[in-house]
């Protein structure tokens with residue numbers, strides 16, 4: 001199946017700093033990518049839909065100024081957690097749709113720990 | 001998207017078939033049934049999807065009832081590596097911006 005990569009796989013940062021997470025579709029083009037967050041022992045929660053060349057669409061309750069999304073090309077979307085705080089510590093996962101395969105594929109996730 | 005209901009957990013012996021049920025009684029005619037799984041601390045993995053016919057691939061089989069109100073994912077010979085949370089999702093997959101939303105899924109534990 002199609003491959004989606006994320007970088008970094010884990011990151012530790014100090015409170016108040018910003019962290020950027022990259023999501024790439026490696027063998028297909030994705031006009032739309034999705035960002036999820038997962039807290040321990042919980043299910044994935046959709047944060048936002050990233051649209052190539054336009055603004056992201058955020059789910060209710062997700063602060064767009066805190067979670068900046070940029071989808072600059074058909075293979076790359078980035079999520080920047082601005083002024084991170086310990087409560088932002090979570091597992092962040094991206095997903096992209098391969099229309100030809102009729103399925104969504106997920107990256108391996110990024111573990112963010114904010115001290 | 002139609003709501004799906006799954007048991008919170010199941011156990012299976014290694015080498016035996018694992019049959020994971022899913023109820024989706026409000027599914028509409030153009031909604032597919034998708035199955036994903038998530039192994040601990042990894043991103044979800046696509047398993048299979050179907051509309052109304054039974055489907056089989058190298059990972060699993062999907063059996064959808066004739067009225068489409070429920071389905072069963074079958075792992076024919078479960079291994080320890082199949083221990084994961086399995087998610088059943090009903091979704092109209094016609095557009096590229098249709099989004100997958102996850103419920104709580106079923107934690108399948110494969111025992112030696």
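General remarks:
- Residue match in the range B:18-37 (condition: within 12 Å of another protein chain (Cβ to nearest Cβ) and either assigned to a loop (DSSP other than H, G, I, E, B) or more than 11 Å from the chain's Cα centre (by Cα) (or both)): yes
- Residue in the range A:43-51 that is over 20 Å from residue B:34 (Cβ atoms), surrounded by fewer than 21 Cβ atoms within 10 Å (Cβ to Cβ), within 12 Å of another protein chain (Cβ to nearest Cβ) and without any contact (Cβ under 8 Å) to a residue 24 or more places away in the chain present: yes
- Selection from the range B:56-97 of residues that are within 14 Å of another protein chain (Cβ to nearest Cβ) and surrounded by fewer than 17 Cβ atoms within 10 Å (Cβ to Cβ): B:57, B:58, B:59, B:92, B:94, B:95, B:96, B:97
- Per-region count, the range A:66-102, residues within 14 Å of another protein chain (Cβ to nearest Cβ) and under 12 Å from residue A:28 (Cα atoms): 7
Condition check ((1) touching a strand residue (DSSP E or B) at 6+ places or on another chain (Cβ under 6 Å); (2) surrounded by fewer than 18 Cβ atoms within 10 Å (Cβ to Cβ); (3) closer than 21 Å to residue A:62 by Cβ) across all residues:
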position: A:7; (1), (2), (3): yes, yes, no
position: A:13; (1), (2), (3): yes, yes, yes
position: A:23; (1), (2), (3): yes, no, yes
position: A:29; (1), (2), (3): no, yes, no
position: A:35; (1), (2), (3): yes, no, yes
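- Count - residues of the range A:69-115 that are touching a residue at least 60 places away in the same chain (Cβ under 8 Å) and part of a loop (DSSP other than H, G, I, E, B): 10
- First in the range A:27-42 and within 9 Å of chain B (Cβ to nearest Cβ), second anywhere and surrounded by fewer than 18 Cβ atoms within 10 Å (Cβ to Cβ) and in a loop (DSSP other than H, G, I, E, B), Cβ under 6 Å, 6 or more apart: A:31/A:52; A:31/B:96; A:32/B:96; A:32/B:97
- Among the conditions (1) over 24 Å from residue B:98 (Cβ atoms); (2) at pLDDT below 95, residue A:7 misses just one, which is (2).
The values are calculated or read from the model by the stated rules, or taken from the named source; none is laboratory data. Everything numeric here is computed off the predicted structure, so don't read it as measured data. Glycine also receives a Cβ, built like all others from the backbone with ideal geometry; neighbour counts cover every protein chain displayed.
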